[in-house]
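I have placed the structure first, in the form of structure tokens, so that the comments after it can refer back to it.
The values are calculated or read from the model by the stated rules, or taken from the named source; none is laboratory data. Quick caveat: nothing in here was measured; it's all calculated off a predicted structure. Methodologically, a virtual Cβ is constructed for each residue, glycine included, from the backbone with ideal geometry; neighbour enumeration extends over all protein chains shown. Calculation scope for accessible area: heavy atoms of the full protein, side chains included, ligands and nucleic acids excluded. Shrake-Rupley method; radii C 1.70, N 1.55, O 1.52, S 1.80 Å.
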Amino acid sequence: MIKRVTGGMQMSSEIGGSGSSLSKTCAVDTGKKWVLATNNAGKLKEFSALLNTWNIDVVAQGELGISEAEEPYGTFLENALAKARHASRVSGLPAIADDSGLTVAALGGAPGVKSARYAATTDGHKSDAANNALLLQNMRGKADRRCAFVCLLVFVRHADDPDPVIARGQWNGLLAETASGEGGFGYDPLFFVPSLHMSAAQLPTALKNTISHRAQALQQLRTALQAAGLV
């Protein structure tokens, strides 16, 4: 059985501060240590801000010398689970992993699970600027600008955990025709939030960390883990 938690579009409570080193910003009152299965600098920064109240020593997998897992699957859930199991197997620790990306209605959900490598070169080099440029090119002349950031977050107690805890966050918006803002990462400069009249890249970090897809999923995961007595 898989425990899965889903929720609404927006949270009202602030759940984090700031910082970039996960192992330093998370308190260590309980003696618990978990590994975060990502080497993405932007995600590490966001997770460090969101996890700093958990009373868990959360260390990034890169600090343990763990390489990125393969992401061969067509869904966010399957890729997140693969990453969590990989990090847990190598480290011997419980693991948290996410797979997230931008889905665009007019493109049938693309870039989707390929968001980070949408415009990757043949040598595998990834670039936010190239991804954004390709997305704008593919959206030329399309009137339907609906899009959403989606995050699937997975926690496993060990690599072969048959009962992973799963949470999902979704942040709806519109795809802008030009980039704006200097903050965030990835597709943030193109992700327009109608209710706030600005792009995700223009949002103050504290505000973004209360309404983003990743913030939603992490809050839901925390609720489930608390119910299970794990945090």
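Annotations
- Placing a label point 7 Å from the Cα of A106 along the Cα-to-Cβ direction, the residues of the range 134-177 whose backbone N falls under 16 Å of that point are 134-148, 173-177.
- For the residue pairs K83/K208; K33/K208; K43/K126; K43/K83, the alpha carbons lie more than 20 Å apart in K83/K208; K33/K208.
- D (Stokes-Einstein, µm²/s), Kirkwood Cα radius, the range 43-94, 0.890 mPa s at 25 °C: 201
- Compactness check for the range 40-151: Cα Rg over 2.2 N^0.38 Å is 1.20.
- Viscosity 1.002 mPa s, temperature 20 °C, Stokes-Einstein D of the range 107-217 from Kirkwood C-alpha radius, µm²/s: 141
- For the range 114-167, trypsin sites (Lys or Arg not before Pro) meeting the loop criterion (DSSP other than H, G, I, E, B) and having at most 15 other Cβ atoms within 10 Å: K126, R140, K142.
- With Cα atoms as the point set, the range 96-140 shows a radius of gyration and Dmax of 10.9, 37 Å.
- Relative to its Kirkwood radius, the Cα radius of gyration of the range 97-172 gives an Rg/Rh of 1.08.
- Q137 paired with Y73, simple spin-label distance in nm, labels 7 Å along Cα-to-beta-carbon: 3.1
- Length-normalised contact order of the range 129-206 in % [C-alpha pairs under 8 Å, at least 6 apart]: 24
- At the residue level, H197 shows approximately 140 square angstrom of accessible surface with a 1.4 angstrom probe and all protein chains present.
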